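Pasting a structure below so you can have a look.
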Amino acid sequence: MNAELRDTFGRLHDNLRISVTDRCNIRCFYCMPERDVEYAARDAILSYEEIERFVRIAVKLGVTKVRVTGGEPLVRKGVAELVRKLAAIPEIQDLALTTNGVLLPQLAEPLYQAGLRRINVHLDTLDRERFTRITRRDELDRVLEGLALVKRLGFGPIKINAVAVKDLVEPDLVPLARFGRENGFEIRFIEFMPLDAQGIWDRSRVLTAGEIIETLSREVAPLIEIPDRDPRAPATEYRYSDGGGAIGFIASVSRPFCQNCNRIRLTADGNLRYCLFALEETDVKGLLRGGASDDEIAALIRATVQAKWEGHEINSARFVPPPRPMYAIGG
Ligand code: SAM
Ligand code: SF4
């Protein structure tokens, strides 16, 4: 097998994000509808054995970074067992998980024992009322308890993902940044992207990285860009000039990073995507369940990477949002 996944624009793909479920225990307005959520049928979701087989084929093609996500990955039963299987794959140099943190009080320890160390916890605000408004659930205390626990257990790095929505989270920027500095959590602000289930995204609702940097530099401490820490990572990293740690920005809207993209995504229902915003998907489940050989699945992964477009066109009039919202694609 050719141990490299390179697309027609020369980009090397070594990063796989796996969604293990489209279900979630909260309802962030920029991702899910408030009610009547349409979930995939249980038998449409890949089993852990199917996921493991897929990953073992992908690592032979050069994938070294794997992130488990969802929906909310911790609502899927036995997720620590999947983590254990993935942690045992020697080619994976970087195994991480993204969670809303609500179930961390119960699951942080089993995940740690399964070999997980890198974790991103999604938290937009430290204010209970605003947390409940954003997520339509009153779960802030459990997320904070979960964060304290992952810190105590020795996870690292621990990152916090905060979605930057204009006219909403401005009061949260400084408290979140201070919370990160005090606890050694790296906050990553993610610009609001057109991936919500209810079609409410509008450019005017994107709080940009530039605006956040200006606020934090003024009110916390001056921020200095860390040059080329990892040019293929989506986040632009900054550090506080007073030594108070680092902070990241995923500026998909104001500073798209498509030219450096190294990612492919496996959805919970077994489709492979070359972009979060892709309008097409490749059915992998059919092959996994239809008796295909590893070589046939590898060929399908290669073909998906070969079909990858140059980049999303959020900033052009041609942009068409993908047919599935964030929770169904996998964030
Ligand atoms: N449930 C987990 C969580 O919330 O972290 C994992 C899946 S979630 C889809 C992954 C990430 O997507 C979240 O951390 C959240 O910050 C981000 N996200 C969801 N909807 C978004 C949107 N419309 N724009 C930008 N980021 C979004
Ligand atoms: Fe659930 Fe994560 Fe979507 Fe929020 S962003 S609704 S926590 S899947």
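The values are calculated or read from the model by the stated rules, or taken from the named source; none is laboratory data. Quantities reported herein were computed from a predicted structural model and do not represent experimental measurements. Cβ placement follows ideal geometry from the backbone for every residue including glycine, while neighbour counts extend to all protein chains displayed. Side chains are part of the model used for accessible areas, which takes the heavy atoms of the whole protein and leaves out ligands, DNA and RNA. Shrake-Rupley method; radii C 1.70, N 1.55, O 1.52, S 1.80 Å.
Determine whether Leu97 is farther than 17 Å from Met32 by Cβ, in contact (Cβ under 8 Å) with a residue 24 or more places away in the chain, touching a Pro at 6+ places or on another chain (Cβ under 7 Å) and aliphatic (A, V, I, L, M). Steps first, please.
Numbers: farther than 17 Å from Met32 by Cβ: yes; in contact (Cβ under 8 Å) with a residue 24 or more places away in the chain: yes; touching a Pro at 6+ places or on another chain (Cβ under 7 Å): yes; aliphatic (A, V, I, L, M): yes.
For Leu97, the condition - farther than 17 Å from Met32 by Cβ, in contact (Cβ under 8 Å) with a residue 24 or more places away in the chain, touching a Pro at 6+ places or on another chain (Cβ under 7 Å) and aliphatic (A, V, I, L, M) - is met.
Something else about it: Given the options Arg265, Arg302, Arg239, name the one that is more than 16 Å from ligand 2 (Cβ to nearest atom), in a strand (DSSP E or B) and surrounded by 13 or more Cβ atoms within 10 Å (Cβ to Cβ). Can you show your working first?
Working: Arg265 fails: more than 16 Å from ligand 2 (Cβ to nearest atom); Arg302 fails: in a strand (DSSP E or B).
Just one listed residue meets the conditions, Arg239.
Shifting gears a bit: Going by the structure shown, is Ala303 over 19 Å from the mean Cα position of the chain (by Cα) and more than 23 Å from Ala41 (Cβ to Cβ)?
Numbers: over 19 Å from the mean Cα position of the chain (by Cα): yes; more than 23 Å from Ala41 (Cβ to Cβ): yes.
When the stated conditions are applied, Ala303 passes them.
Kindly establish whether Ile200 is surrounded by fewer than 18 Cβ atoms within 10 Å (Cβ to Cβ) and within 16 Å of ligand 2 (Cβ to nearest atom). Lay out the reasoning, then the answer.
Values: surrounded by fewer than 18 Cβ atoms within 10 Å (Cβ to Cβ): yes; within 16 Å of ligand 2 (Cβ to nearest atom): yes.
Answer is yes for this residue.
A further question follows. Please count how many residues of the range 305-331 are more than 16 Å from ligand 2 (Cβ to nearest atom), crowded, with 18+ Cβ neighbours inside 10 Å and under 20 Å from Ala58 (Cβ atoms).
Total meeting the criteria: 2.
Need pairs with beta-carbon distance below 6 Å; first residue of a type in the set (D, E, K, R) and within the range 273-293, second assigned to a loop (DSSP other than H, G, I, E, B); sequence gap 6+ or separate chains.
What qualifies is Arg273/Glu281; Lys285/Gly270.
Kindly list the number of the only condition in (1) aliphatic (A, V, I, L, M); (2) closer than 17 Å to Glu72 by Cβ; (3) outside any helix (DSSP H, G or I) that fails for Ile187.
(2)
How many residues does the range 1-59 hold that are closer than 15 Å to Ile92 by Cβ, open to solvent by 20 Å² or more (accessible area, probe 1.4 Å) and within 16 Å of ligand 2 (Cβ to nearest atom)?
Qualifying residue count for the region: 1.
Follow-up question, since we're still on this one. Only one of Glu237, Glu214, Glu219 is closer than 20 Å to Arg178 by Cβ and at pLDDT below 95. Can you tell me which?
On inspection, the qualifying residue turns out to be Glu237.
Moving to a separate point now. For Gly70, state whether it is open to solvent by 30 Å² or more (accessible area, probe 1.4 Å) and either at pLDDT 95 or above or within 14 Å of ligand 2 (Cβ to nearest atom) (or both).
Values: open to solvent by 30 Å² or more (accessible area, probe 1.4 Å): no; either at pLDDT 95 or above or within 14 Å of ligand 2 (Cβ to nearest atom) (or both): yes.
The answer is no for Gly70.
Out of Leu97, Leu111, Leu126, which single residue is in a strand (DSSP E or B) and of a type outside the set (D, E, K, R)? Even if it seems obvious, please write down each step before you answer.
Details: Leu111 fails: in a strand (DSSP E or B); Leu126 fails: in a strand (DSSP E or B).
Checking each option against the conditions leaves just Leu97.
Based on what the data block shows, is Glu81 more than 16 Å from ligand 2 (Cβ to nearest atom), touching a residue at least 40 places away in the same chain (Cβ under 8 Å), over 19 Å from the mean Cα position of the chain (by Cα) and surrounded by fewer than 20 Cβ atoms within 10 Å (Cβ to Cβ)? Break it down into steps so the answer makes sense when it comes.
Working: more than 16 Å from ligand 2 (Cβ to nearest atom): yes; touching a residue at least 40 places away in the same chain (Cβ under 8 Å): no; over 19 Å from the mean Cα position of the chain (by Cα): yes; surrounded by fewer than 20 Cβ atoms within 10 Å (Cβ to Cβ): yes.
The answer is no for Glu81.
Let me ask something else about it. Tell me which residues, restricted to the range 84-105, are open to solvent by 10 Å² or more (accessible area, probe 1.4 Å), among the small types (Gly, Ala, Ser) and closer than 20 Å to Ile160 by Cα.
none
Sticking with this structure for a sec: Within the range 290-328, can you find the residues that are out of contact with any Pro (no Cβ under 7 Å at 6 or more places or on another chain) and of a type in the set (Gly, Ala, Ser)?
Within the range 290-328, Gly290, Gly291, Ala292, Ser293, Ala298, Ala299, Ala303, Ala307, Ser316, Ala317, Ala328 meet the criteria.
Give Ser204, Ser217 a once-over and let me know the one that is among the hydroxyl-bearing types (Ser, Thr, Tyr) and closer than 21 Å to Lys159 by Cα.
Working: Ser204 fails: closer than 21 Å to Lys159 by Cα.
Of Ser204, Ser217, the one residue that is among the hydroxyl-bearing types (Ser, Thr, Tyr) and closer than 21 Å to Lys159 by Cα is Ser217.
Mind telling me which of the residues Leu144, Leu140 ends up being open to solvent by 10 Å² or more (accessible area, probe 1.4 Å), closer than 30 Å to Val165 by Cα and within 16 Å of ligand 2 (Cβ to nearest atom)?
Working: Leu140 fails: open to solvent by 10 Å² or more (accessible area, probe 1.4 Å).
Among Leu144, Leu140, only Leu144 is open to solvent by 10 Å² or more (accessible area, probe 1.4 Å), closer than 30 Å to Val165 by Cα and within 16 Å of ligand 2 (Cβ to nearest atom).
Taking the condition among the β-branched types (Val, Ile, Thr), in contact with a helix residue (DSSP H, G or I) (Cβ under 6 Å, 6 or more places away or on another chain) and part of a helix (DSSP H, G or I), does Ile57 pass? Spell out how you get there, then give the answer.
Numbers: among the β-branched types (Val, Ile, Thr): yes; in contact with a helix residue (DSSP H, G or I) (Cβ under 6 Å, 6 or more places away or on another chain): yes; part of a helix (DSSP H, G or I): yes.
Here the answer is yes, as Ile57 does meet what is asked.
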